[in-house]
């Protein structure tokens, strides 16, 4: 029987020691019997998922984890998300990730506009599109949307989750597309200010979406299929357009799970059930859970520990039905102290291949593992060899 493989990735799970947790990290403080079993009965190491010269984004990190060298195939986050949304990019189209954000008194207060709903976001962008020329916005999930410039040339931009609490004018786009993007941002502010969606949100004590925030633009990337690289049929489970977009370009099956939200309220057990079913027919499955990262961006220790524990419960459900080789890891740290990503190497553990002396799944134990420090692109070859 052909061997099967599963990677379970808790986005942003890695962190720093926290005084509020008596010097432990959230991974160390969380109750994680299933991850600990994988570490204890398997082997660990550290993975450098963000190559030198790249910003520590989930796009870069997850490409690396799946075996793709960002230096060879990465053009920008927006292009990857476009694929997940079923938007076909022409040769000169530039696609930007487009957040709905809350700006107050010149400060970027919230990079997700109070986790605005998908329906609310769609209404705002529908109205905005009626006032834009040469630019079109596409509604996605919650605050995560897309902006496309036909004939775009790109520009420098900043992820809004990196500048929460800072003056937004210090981080406006700069470069060839900047003038058009800033004009669209100003127009969105005018349109959104008195839009019924925002009036209703304010009335209900929720943060309004005061502007769009375009960032990380790119053209259609060129990627080899996952099957061509590995010889394995692959699938991906994620609620996030970025991950599903990578899966589309990699030729993987995109498995949509009802109740998977891309937030801390996601249905972990639904993901487990769909994973077990998918592994009956696929050789390889990549399961991505966004919740720990969202908790890190919120700066909530309690929610991050809780999200990690829910991920562990999901892993336990999968392990009861799956006897193939399993790897578990974060893609990057999202420390609650700074509420954004860092490029530090992350711990990983593989069950069903080797065994070392590590005893539980944590950042410190990963550093003791037999695999040592590896480049992100080395995980897939190690897992399937």
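Quick check on region 108-115. Is at least one of its residues free of Cβ contacts under 8 Å to residues at least 12 places away in the same chain and either within 19 Å of residue 77 (Cα to Cα) or out of contact with any helix residue (DSSP H, G or I) (no Cβ under 8 Å at 6 or more places or on another chain) (or both)? The answer is no, given that none of the residues of region 108-115 is free of Cβ contacts under 8 Å to residues at least 12 places away in the same chain and either within 19 Å of residue 77 (Cα to Cα) or out of contact with any helix residue (DSSP H, G or I) (no Cβ under 8 Å at 6 or more places or on another chain) (or both). Answer yes or no as to whether residue 14 is surrounded by 24 or more Cβ atoms within 10 Å (Cβ to Cβ) and within 22 Å of residue 256 (Cβ to Cβ). Spelling it out, it is not the case that residue 14 is surrounded by 24 or more Cβ atoms within 10 Å (Cβ to Cβ) and within 22 Å of residue 256 (Cβ to Cβ).
For region 63-147, the helices (runs of 4 or more DSSP H) that sit wholly inside it and include 2 or more residues that are over 15 Å from the mean Cα position of the chain (by Cα) are 70-73, 118-129.
When we screen 44, 85 for residues that are surrounded by 24 or more Cβ atoms within 10 Å (Cβ to Cβ) and touching a strand residue (DSSP E or B) at 6+ places or on another chain (Cβ under 8 Å), the only hit is 44.
For region 345-368, a tally of residues being in contact (Cβ under 8 Å) with a residue 24 or more places away in the chain and exposed (fewer than 15 other Cβ atoms within 10 Å of the Cβ) returns 4. Checked against the criterion of being under 15 Å from residue 25 (Cβ atoms), under 20 Å from the mean Cα position of the chain (by Cα) and assigned to a loop (DSSP other than H, G, I, E, B), region 352-372 has no qualifying residue. Inspection of region 185-205 finds no residue satisfying the criterion of being in contact (Cβ under 8 Å) with a residue 60 or more places away in the chain, assigned to a loop (DSSP other than H, G, I, E, B) and in contact with a strand residue (DSSP E or B) (Cβ under 6 Å, 6 or more places away or on another chain).
Computed from the coordinates by the stated procedures, all read-outs in this text should not be read as laboratory data. None of the values given here were measured: they were computed from a predicted structure. Don't worry about glycine lacking a Cβ; one is built from the backbone with ideal geometry, like all the others, and counts go over all protein chains shown.
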